[in-house]
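Before any comments, here is the structure.
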Amino acid sequence: MQEGQVRPGNVLKVDCFLNHQLDVDLLDKVGEEFYRIFKDDGINKILTIEASGIAIACMTARHFNVPVVFAKKAKSKNIDGEVYTSTVHSYTYGRDYDITLSKKFLSPSDKVLILDDFLANGKAMKGLLDVCAQAGATVGGIGICIEKGFQPGGAELRAAGYKLASLAIVDTMTDDQLTFREQ
């Protein structure tokens with residue numbers, strides 16, 4: 001996190017290791033840690049949202065030996081058949097978009113671990129939870145690399161009863177300093 005930068009609007013830029021350039025050794029350790037936390041929860045599928053969650057999900061899936069499925073942020077011509085959809089508001093981009101996921105990749109027999117790079121207000125996560133509910137899939141857990149603890153997403157998900165594991169929780173952000181929650 002020493003390489004992260006705070007940007008205006010409570011945006012934490014970690015593109016040098018997490019969501020633009022990828023530190024594969026770090027991501028493997030992230031996957032190993034999510035496996036340690038959720039290995040006894042019967043996970044048989046990992047779900048994320050494009051694009052930054054995909055690398056995290058893939059590295060984690062290697063440890064679980066399960067497939068990854070990701071919700072797309074735009075309807076594309078290569079998704080055919082029926083889809084689950086949910087509207088999500090992006091904190092980073094400041095706009096709404098519909099996520100889509102083919103119905104053939106998520107079903108009531110799935111016990112899902114949902115992964116993402118950041119959790120702030122929880123809008124993307126709520127969209128993924130909605131997709132799971134539409135599919136009748138069980139959510140076995142939620143894993144986040146960096147949670148902004150000063151925003152409501154994490155508290156709301158915990159209050160709703162989800163098993164949420166955030167590898168780092170930022171309690172405060174100023175122009176030149178991050179304060180992390182002890183875990």
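Throughout, read-outs are computed from the coordinates displayed, never taken from laboratory work. None of the values given here were measured: they were computed from a predicted structure. Every residue, glycine as well, gets a Cβ built from its backbone with ideal geometry; the counts of neighbours run over all protein chains shown.
Between Ala74 and Arg181, the modelled labels are 3.5 nm apart [label points 7 Å from Cα along Cα→Cβ]. Size descriptors for segment 51-165, from the alpha-carbon set: Rg then Dmax equal 13.6, 40 Å.
Could you point to the residue in Gly81, Leu128, Val68 farthest towards the positive end of segment 34-183's charge dipole, with +1 and -1 charges on the Cβ of Lys/Arg and Asp/Glu respectively? The one lying farthest along the dipole's positive direction is Gly81. Net charge dipole, segment 41-183: roughly 500 debye, given to the nearest 20, about the Cα centre with Cβ charges of +1 for Lys and Arg and -1 for Asp and Glu. The ranking of Glu182, Glu82 by Cβ neighbour count inside 10 Å, starting from the fewest, reads Glu182, Glu82.
How would you order 158-166, 122-130 from highest to lowest mean count of nearby Cβ atoms within 10 Å? Spell out each step's value before the answer.
Numbers: 158-166: 14.9, 122-130: 21.8.
With the highest mean Cβ count within 10 Å placed first, the list reads 122-130, 158-166.
Footprinting exposure proxy ranking of His89, His63, fewest other C-beta atoms within 10 angstrom first, gives His89, His63. Using the Cβ-Cβ distance between Thr85 and Asp41 with R0 = 25 Å, the FRET efficiency computed as 1/(1 + (r/R0)^6) comes to roughly 0.40.
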